[in-house]
Structure formats: C-alpha cells, structure tokens
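Trainee: Before anything else, here's the structure in question.
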Amino acid sequence: MMDRIDMLLVHDIGEMTHGLEAGGRHFARLRDGGYRALEMLRATGAVKAIGLGVNEAEVCLDAMEVGDWDVFLLAGRYTLLEQAPLDDLLPACAGAKISLIIGGPFNSGVLVGGDTWNYAAAPAQVQTRTAALQQAAAEHGVPLPAAALQFPLAHPAVASVIPGVRDPGQLAQVLDWTRSRIPAEFWADLKQRNLLHPESPTPAGTPFYAGG
C-alpha cells in the first residue's frame with residue numbers, strides 16, 4: 001500500500017516571484033490543469049491536503065476561485081509588520097475552512113534584529129516601523145521576536161507558524177520565545193500607537209508552548 005502524503009503544496013507561483021507575465025503563465029497552468037491533478041491525488045487518498053506555498057496573499061485569493069483548497073502557506077504577509085490580509089484573505093480562509101500556515105514571521109530577519117525584509121535590505125519605512133515596535137517591546141519588557149512568533153497564532157484561521165531555524169541553538173531560542181509571557185497591555189499599546197491593525201486578534205497572555 002502506498003504511503004499517503006499529508007500535505008502537497010504548489011510552491012512560489014505569483015508575480016512577486018516570477019514577474020507579472022511569467023507569474024500569470026504559471027497561474028494559468030495551475031488553473032487549467034495543475035489543480036485538477038492535485039484534486040485527483042486527494043480524491044484517491046494519495047494526498048490528504050492540497051494547497052499553496054506563496055509570498056502573496058493575492059495568489060491565494062485568486063486560487064480560491066479555481067477550486068477547493070485545504071491549506072495555504074503564506075510567508076511574510078501576516079506579521080507584526082504587515083496585517084493587510086486581515087481585510088480579505090484571513091476572513092475568506094475562515095469562511096472556507098482553509099487553514100493558514102504563516103511562514104516568515106520575522107519578515108526575513110528584520111523583526112529579530114536583522115536588516116533584511118522580503119529577502120532584501122529593509123527600506124526606510126520598514127526600519128522606522130520596526131524601530132517603533134522595538135521601542136514598545138522594550139517599554140513592556142517583551143522580546144520582540146517572541147511577539148512576532150506568537151502574534152499570528154492568535155488568529156483562528158492560523159494553524160501554525162514556521163520561523164525557520166538553522167541549528168539547534170536557534171531552535172532552543174525559538175522555543176524560549178514561544179514560552180514568553182506577553183502582557184495584554186503590550187498588544188493594546190501597539191494598537192494605540194497604530195502599530196497593529198485595530199481588528200487584529202491578539203494572544204491571551206498564555207504561552208503557546210510550555211513544554212520542557
């Protein structure tokens with residue numbers, strides 16, 4: 001008996017990765033044949049869940065017009081820096097019962113002390129917003145990376161967050177951040193300072209991971 005694949009994702013289609021013309025061609029292939037192949041694999045039981053792994057919320061919204069998806073892996077678009085998907089993709093996924101995996105919660109490194117955003121040097125407006133987040137976090141005694149990890153998980157459509165680690169030391173640090181207790185006052189302050197979407201669900205104050 002063939003082993004079943006838990007999750008099969010179409011990876012990195014869209015304008016951000018390939019440009020407007022090539023991105024359109026790749027999406028057309030997904031619409032005209034790729035989705036049907038994925039659906040067949042799911043129908044036969046070879047694959048349990050199908051979805052996309054992308055950097056653009058717009059691609060996910062377009063894909064929802066093509067067929068019935070189980071999961072989207074969205075990198076870098078629903079973070080402490082960016083919450084635009086709250087206005088369209090997240091409610092659409094909640095309504096369609098599509099799970100979201102949030103990749104890139106540190107926005108390519110800028111939220112964990114780096115200087116890159118979207119895999120390139122962070123522009124001035126991103127640096128300014130990050131500095132404001134760092135200031136608020138320092139005032140509340142909150143590690144900013146801990147807030148970046150825990151924030152996306154507060155949304156009911158989000159099933160998981162993938163921070164990306166390179167070695168056991170980084171993994172240990174990530175686990176420490178997931179254990180951090182972040183006061184509700186911190187999230188309220190971010191909204192007061194217009195650093196967080198006013199409709200953003202925020203963590204309740206209990207760490208998401210309490211294991212040893």
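Trainee: Quick one: how many residues across the range 173-205 are among the aliphatic types (A, V, I, L, M) and open to solvent by 50 Å² or more (accessible area, probe 1.4 Å)?
Mentor: Here is the first cut: in the range 173-205, the ones among the aliphatic types (A, V, I, L, M) are 174-175, 182, 184, 188, 190, 195-196, 204.
If we keep only those that are open to solvent by 50 Å² or more (accessible area, probe 1.4 Å) as well, we get 175, 184, 188, 204.
Matching residues across the range 173-205 total 4.
Trainee: Any residue at all in the range 91-105 that is basic (Lys, Arg) and either at positive phi or modelled with pLDDT under 95 (or both)? Even if it seems obvious, please write down each step before you answer.
Mentor: Filtering the range 91-105 for residues basic (Lys, Arg) gives 97.
When the remaining residues are screened for being either at positive phi or modelled with pLDDT under 95 (or both), the result is 97.
Yes: one or more hits.
Trainee: While we're looking at this one, here's another question. Looking at the range 118-135, is at least one residue touching a helix residue (DSSP H, G or I) at 6+ places or on another chain (Cβ under 6 Å), small (Gly, Ala, Ser) and open to solvent by less than 70 Å² (accessible area, probe 1.4 Å)?
Mentor: yes
Trainee: How many residues are in contact with a helix residue (DSSP H, G or I) (Cβ under 9 Å, 6 or more places away or on another chain) and either among the small types (Gly, Ala, Ser) or open to solvent by 80 Å² or more (accessible area, probe 1.4 Å) (or both) if we restrict to the range 163-172? Steps first, please.
Mentor: Initially, the range 163-172 is screened for residues in contact with a helix residue (DSSP H, G or I) (Cβ under 9 Å, 6 or more places away or on another chain), giving 163-165.
Of the ones still in play, those that are also either among the small types (Gly, Ala, Ser) or open to solvent by 80 Å² or more (accessible area, probe 1.4 Å) (or both) are 164.
Counting residues in the range 163-172 that are in contact with a helix residue (DSSP H, G or I) (Cβ under 9 Å, 6 or more places away or on another chain) and either among the small types (Gly, Ala, Ser) or open to solvent by 80 Å² or more (accessible area, probe 1.4 Å) (or both) gives 1.
Trainee: Let me ask you something else. With the condition being loosely packed, with under 13 Cβ neighbours inside 10 Å, I'd like the helices (runs of 4 or more DSSP H) fully within the range 1-67 carrying at least 2 qualifying residues. It would help to see each step written out before you state the result.
Mentor: Numbers: elements: 15-18, 20-29, 35-43, 57-63.
Passing ranges, in order: 20-29, 35-43.
Trainee: Additional query: Which ones in the range 142-162 are small (Gly, Ala, Ser) and open to solvent by 30 Å² or more (accessible area, probe 1.4 Å)?
Mentor: Once the filter is applied, which keeps residues that are small (Gly, Ala, Ser) and open to solvent by 30 Å² or more (accessible area, probe 1.4 Å), the range 142-162 yields 159, 160.
Trainee: When you go through (1) under 24 Å from residue 196 (Cα atoms); (2) in contact with a strand residue (DSSP E or B) (Cβ under 7 Å, 6 or more places away or on another chain) one by one for residue 82, which number turns out not to apply?
Mentor: Only one criterion in (1) under 24 Å from residue 196 (Cα atoms); (2) in contact with a strand residue (DSSP E or B) (Cβ under 7 Å, 6 or more places away or on another chain) is unmet by residue 82, namely (2).
Trainee: Now for a different question. Give me the pairs: first residue in the range 28-40 and under 16 Å from residue 64 (Cβ atoms), second residue open to solvent by 30 Å² or more (accessible area, probe 1.4 Å), beta-carbon distance under 8 Å, and six or more apart or on different chains, which are they?
Mentor: 30/10; 30/66; 31/66; 34/10; 35/66; 38/8; 38/10; 39/68
Trainee: For the range 21-35, state whether one or more residues are under 30 Å from residue 127 (Cα atoms) and either touching a His at 6+ places or on another chain (Cβ under 9 Å) or modelled with pLDDT under 95 (or both). Talk me through it step by step, then tell me what you get.
Mentor: Residues of the range 21-35 that are under 30 Å from residue 127 (Cα atoms), as a first pass: 23.
Adding the requirement that they be either touching a His at 6+ places or on another chain (Cβ under 9 Å) or modelled with pLDDT under 95 (or both) leaves 23.
Yes, the conditions are met somewhere in the range 21-35.
Trainee: Looking only at the range 104-115, which residues are free of Cβ contacts under 8 Å to residues at least 24 places away in the same chain and open to solvent by less than 50 Å² (accessible area, probe 1.4 Å)?
Mentor: Residues satisfying the conditions are 109, 114.
Trainee: Same structure, new question: Can you tell me how many residues in the range 89-103 are of a type in the set (A, V, I, L, M) and either under 11 Å from the mean Cα position of the chain (by Cα) or open to solvent by 50 Å² or more (accessible area, probe 1.4 Å) (or both)?
Mentor: Of all residues in the range 89-103, those of a type in the set (A, V, I, L, M) come to 89-90, 92, 94, 96, 98, 100-102.
From what's left, either under 11 Å from the mean Cα position of the chain (by Cα) or open to solvent by 50 Å² or more (accessible area, probe 1.4 Å) (or both): 90, 94, 100-102.
Qualifying residue count for the region: 5.
Trainee: Hey, another quick one. Would you mind stating whether residue 86 is more than 16 Å from residue 49 (Cα to Cα) and either assigned to a strand (DSSP E or B) or in contact (Cβ under 8 Å) with a residue 60 or more places away in the chain (or both)?
Mentor: On the way: more than 16 Å from residue 49 (Cα to Cα): yes; either assigned to a strand (DSSP E or B) or in contact (Cβ under 8 Å) with a residue 60 or more places away in the chain (or both): yes.
So residue 86 passes the test.
The values are calculated or read from the model by the stated rules, or taken from the named source; none is laboratory data. On a predicted model such as this, the values are computed, not experimentally measured, just so you know. As a convention, Cβ positions derive from the backbone with ideal geometry for all residues, glycine included, and neighbour counts pool all protein chains shown. Quick note on the areas: whole protein, heavy atoms, side chains included, nothing else; ligands and nucleic acids left out. Shrake-Rupley method; radii C 1.70, N 1.55, O 1.52, S 1.80 Å.
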